[in-house]
Amino acid sequence: MIRSLARGLWFALLALLMAGAPVQAETPDAALAELLKEARSGCAQPSDRLTRILCGGQVRPGVRAYYPLFGMRDGTDYEGYEPDVARAIAQRLGVEHEFVRVNAASRIPLLAEDRVDFVIATMGHNTQRDGQVRFIRPHYYQSETVLVGPKALPIRDWQDVAARTICVTVGNGSNAELVSRKARLMLFDEAGVLPERLKDKTCTLAAQDDSFFAFYFIEPAFAATFEQKMGFAQVPWGMAVARTGSDKLARALDLLSQIFHRDGVFLEIARKHRIGTAFLENQMKVWQRPECNTADGSTNRACILPALHASLQPTQFADRVNAFEGWFEGKFGLDLTLPMLKTVPALSLFLNGVVNSLILIAGALVATLGFAILFGFALGSEWRLLRWPARLVTVVLQSSPIVLTLVIAAVLANAIVPYSSAVALAASILALGLSNGSNAGQAVSEAVVSLHHEGRHTGRELFVHALGRSATSIVSFLVNAAKGTPIASFIGAPELLSALTDITSFSSGRATTYCLLLVFYTLVVMIVVWLCNRLRAWLERSEVPA
Amino acid sequence: MNALPHQLWSDFVPRLLSAMVTNFEISFIALALGLLIGLPLALLRARGGALGVGVSATIISLMRAAPTFVVMFFLLNVLRDVSVFGVKLGMSGVMTVAVSLVPYSAAYAADAGVEALRQLRRGSPLGALLFLPNITRAFFVIVMSSGAAAAIGVPEGISVILGEAALLPSLGDRMIVFAIGIVMFGVPLQLGLALMRWLQRELGRRMMPV
């Protein structure tokens, strides 16, 4: 009895010890071998792309044909980091590869049309694309947007970026980040022109993927002059397969990616092509960790990276805007796109832009009128000590192109107070007022001189009549000031042109946006012309002798 | 010894002068196109009957109200994607800026043209010749406005000045660069204005009854 009880306790203890001992998890290698074996057994009725690839003996990777270091076509062959990774995958699957050329626009449609089996084509993994394709985890690379500029230019952090012009490409997801940091954007359609624009000094700074600039930094002359100032907006790159009929293929690629990271295959290929390896070195450490080096590692949140959250918060009425666009296109056959009404950041930029434009126009008109009176008084004064400096300032202002006057005003303002949108607006109002007011003031002073020669008026009465006589010139420079306000966008004043340029940098609908902008400013200027004509009539009445 | 003056004279000033050729190129194109559009509008306004006057006055006032900077961005972003009979209307940067200045130059040429025709009708050919100094003034206004091209990446004078200034850490050095820019743009402008004043004075003198 005692003996049987002791035996029972001994077995219970043994069972407890066995339950507490670490269980050796299935490795990705074993899981992959099992998956491939299972897929090969289904050749009679291939239900998944993996079975078709293994049974057909061929895989079709979609790769880039003109993306230096990452995917370049060389005659009939392809070279670069991504084609080499695709070759390594084909080799592990034991099949031949047949590359299919893809680009940024075609890589997802070609997957959906079953013209490629998977793509490895510089595709950033973001939440928007998650709905279109199945991304492979872990990611095979990670890029970030880098700010590149001359070595002599001191850029340490985001504070140094505010108010600077940065050359970017339209539609780059990181543009919104630059806008939020108060940088001014100069938009280009093709990334290929950015290095050239840096070299000819049209662009002081350019922002683009580090993978793009990696090629140019291989050039000794480029690397000697330029450097990466800072990086931001990291985005993981993922291979992708079609969302349907590719479950096993996706699983095989997940497992292969784990193995390639763990064994340094990705890293070795990256070193061969001289691309940045910091991310891959870090990932190798991650995938060598016991908790990640398992068959389920690719779903372990502690091991994988999240997709970039790319979608902007829609406005409450975004659906109605979309419906209106559809109705408009159906009714008139015109492609109307209103990006400024669809997302919260765009709407906010747009509304602020309208308000700031109106403030800027009103401010520029008041400043022009004020400076016209001041310059008119000083230039028409009998005191040389007042007249000559005023004449010198007028000649300098007349000789300075308005863009340059604006920049000088902004530089001086920023030397006194830190950059902000309000400072840019104030500097713009001052520059536009000075530039137009000095010219109008010259016309006032000429009227003062002519009235003085006529000898009919003196003192304050003479000056009031001079304003009436020069009313046409004053009005013409007031209109000029109102027309010139969009130039304030050049120094980062957040007026409508600036706001819409920012909106179109991260959304579509450039044609509609700029048409609306032209209509807005033309209408505003026409209203200003009407108001100014009323002012002219009032001023001219003061010149009519009683 | 401060290396800045040497660097400015040996590198910056030659580059600026070379880039300013683009400003004059833009201005010549804008003025030529402006005259091409503005003079027929002036004729229509002077001799086109009620309808002609109405049409030309509307077009001229619209062109006068169109802000150059916005027109430039409109051309850059809208017309580049428009095709006519399969031919894309996309223009080079220089041409985009030049065309954006056409509404101003055409409206100015039309106004000056209307005045010249009025003087001719009054039997004053010398008064009509004032058209020339007026157009000279418009040309220099356009040269100064062409600096807006810097905003769309056209390598002209202003973009060279701004590019150079951006690399200088001290405010004083940047101001020197800006001052050189003002002198470089100002000298042709002041010479042009002096020429215009001389022309006006000469014509005025000849118009005075003996």
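The values are calculated or read from the model by the stated rules, or taken from the named source; none is laboratory data. Remember, it's a predicted structure, so these values are computed and weren't measured experimentally. As a convention, Cβ positions derive from the backbone with ideal geometry for all residues, glycine included, and neighbour counts pool all protein chains shown.
Quick notes on this one:
- Members of region A:290-308 found to be outside any loop (DSSP other than H, G, I, E, B), surrounded by 13 or more Cβ atoms within 10 Å (Cβ to Cβ) and among the β-branched types (Val, Ile, Thr), listed by number: none
- Which listed residue is more than 30 Å from A:Ala323 (Cα to Cα), modelled with pLDDT of 95 or more and among the β-branched types (Val, Ile, Thr), from A:Ile416, A:Ile373, A:Ile402, A:Ile429: A:Ile429
- Count - residues of region B:167-182 that are facing chain A (nearest Cβ under 8 Å) and either charged (D, E, K, R) or within 19 Å of the chain's Cα centre (by Cα) (or both): 3
- Subset of region A:198-243 that is closer than 19 Å to A:Lys151 by Cα and small (Gly, Ala, Ser) - its residue that is nearest to the other protein chains (Cβ to nearest Cβ): A:Ala206
- Among residues of region A:113-147, those that are closer than 21 Å to A:Ala278 by Cβ and either charged (D, E, K, R) or within 14 Å of chain B (Cβ to nearest Cβ) (or both), counted: 3
- Region A:309-338: number of residues that are loosely packed, with under 14 Cβ neighbours inside 10 Å, within 25 Å of B:Asn77 (Cα to Cα) and without any contact (Cβ under 8 Å) to a residue 60 or more places away in the chain: 9
- Test result for A:Ile108, in a helix (DSSP H, G or I), modelled with pLDDT of 95 or more, β-branched (Val, Ile, Thr) and assigned by TED's automatic domain parsing to the domain that holds A:Arg262: no
- Verdict on A:Gly363 being modelled with pLDDT of 90 or more and not assigned by TED's automatic domain parsing to the domain that holds A:Glu446: no
- Checking A:Thr522 against (1) over 24 Å from A:Asn175 (Cα atoms); (2) not in a helix (DSSP H, G or I), the condition it does not meet: (2)
- Leading residue by the ranking (surrounded by the fewest Cβ atoms within 10 Å (Cβ to Cβ)) among those in region A:271-285 that are of a type in the set (A, V, I, L, M) and without any contact (Cβ under 8 Å) to a residue 60 or more places away in the chain: A:Ala278
- Checking every residue in region B:52-71 against the condition of being buried (at least 17 other Cβ atoms within 10 Å of the Cβ), modelled with pLDDT of 85 or more and closer than 24 Å to B:Trp198 by Cβ gives zero matches.
- Note on region A:402-472: enclosed helices (runs of 4 or more DSSP H) holding 2 or more residues that are within 14 Å of chain B (Cβ to nearest Cβ) and crowded, with 17+ Cβ neighbours inside 10 Å are A:402-416, A:421-454.
- Residues of region A:176-197 satisfying the condition of being more than 14 Å from chain B (Cβ to nearest Cβ) and under 18 Å from B:Leu162 (Cβ atoms): A:Lys182
- Some residue of region B:145-166 being assigned to a loop (DSSP other than H, G, I, E, B), within 25 Å of A:Ala511 (Cα to Cα), within 14 Å of chain A (Cβ to nearest Cβ) and in contact with a strand residue (DSSP E or B) (Cβ under 9 Å, 6 or more places away or on another chain): yes
- Top-ranked residue of region A:116-164 - restricted to ones that are of a type in the set (S, T, N, Q) and out of contact with any helix residue (DSSP H, G or I) (no Cβ under 9 Å at 6 or more places or on another chain), ranked as surrounded by the most Cβ atoms within 10 Å (Cβ to Cβ): A:Asn126
Okay, residues lined up against (1) among the aromatic types (Phe, Trp, Tyr); (2) in contact with a Gly (Cβ under 7 Å, 6 or more places away or on another chain); (3) at pLDDT 85 or above:
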residue: B:Arg122; (1), (2), (3): no, no, no
residue: B:Gly153; (1), (2), (3): no, yes, no
residue: B:Ile158; (1), (2), (3): no, yes, yes
residue: B:Val183; (1), (2), (3): no, no, yes
residue: B:Arg201; (1), (2), (3): no, no, no
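- Residue match in region A:76-94 (condition: within 24 Å of the chain's Cα centre (by Cα) and either surrounded by fewer than 17 Cβ atoms within 10 Å (Cβ to Cβ) or at pLDDT below 95 (or both)): no
- Residues of region A:494-513 satisfying the condition of being of a type outside the set (Val, Ile, Thr), within 9 Å of chain B (Cβ to nearest Cβ) and out of contact with any Leu (no Cβ under 7 Å at 6 or more places or on another chain): A:Arg510, A:Ala511
- Condition met for A:Ser174 (polar (S, T, N, Q) and in contact with a helix residue (DSSP H, G or I) (Cβ under 8 Å, 6 or more places away or on another chain)): no
- Count of region A:309-336 residues, restricted to those that are closer than 29 Å to A:His125 by Cβ, touching a helix residue (DSSP H, G or I) at 6+ places or on another chain (Cβ under 6 Å) and either part of a loop (DSSP other than H, G, I, E, B) or not aliphatic (A, V, I, L, M) (or both), is 6.
- Screening A:Gln91, A:Gln45, A:Gln58 for residues that are of a type in the set (S, T, N, Q) and in contact (Cβ under 8 Å) with a residue 24 or more places away in the chain leaves exactly one candidate, A:Gln58.
- Cβ pairs under 7 Å, 6+ apart, first in region B:148-162 and closer than 13 Å to A:Met186 by Cα, second basic (Lys, Arg) and surrounded by fewer than 23 Cβ atoms within 10 Å (Cβ to Cβ): B:Gly153/A:Arg197
- Test: residue in region A:251-270 that is at pLDDT 95 or above, in a loop (DSSP other than H, G, I, E, B) and surrounded by fewer than 18 Cβ atoms within 10 Å (Cβ to Cβ): yes
- Within region B:35-71, the set of residues being more than 9 Å from chain A (Cβ to nearest Cβ), over 21 Å from B:Ile135 (Cα atoms) and assigned to a helix (DSSP H, G or I) comprises B:Arg47, B:Gly49, B:Ala50, B:Leu51, B:Gly52, B:Val53, B:Gly54, B:Val55, B:Thr58.
- In the set (1) in a helix (DSSP H, G or I); (2) within 11 Å of chain A (Cβ to nearest Cβ); (3) buried (at least 19 other Cβ atoms within 10 Å of the Cβ); (4) not β-branched (Val, Ile, Thr), B:Leu193 fails one condition alone, (3).
- Hits in region A:487-539 (condition: basic (Lys, Arg) and over 19 Å from B:Ser100 (Cα atoms)): A:Arg534, A:Arg536
- Which listed residue, of B:Pro67, B:Pro40, is under 16 Å from B:Ala148 (Cα atoms) and without any contact (Cβ under 8 Å) to a residue 12 or more places away in the chain: B:Pro67
- Residue check: A:Leu523 meets all listed conditions (1) within 14 Å of A:Ser357 (Cα to Cα); (2) without any contact (Cβ under 8 Å) to a residue 12 or more places away in the chain; (3) away from chain B (no Cβ under 12 Å) but one, namely (3).
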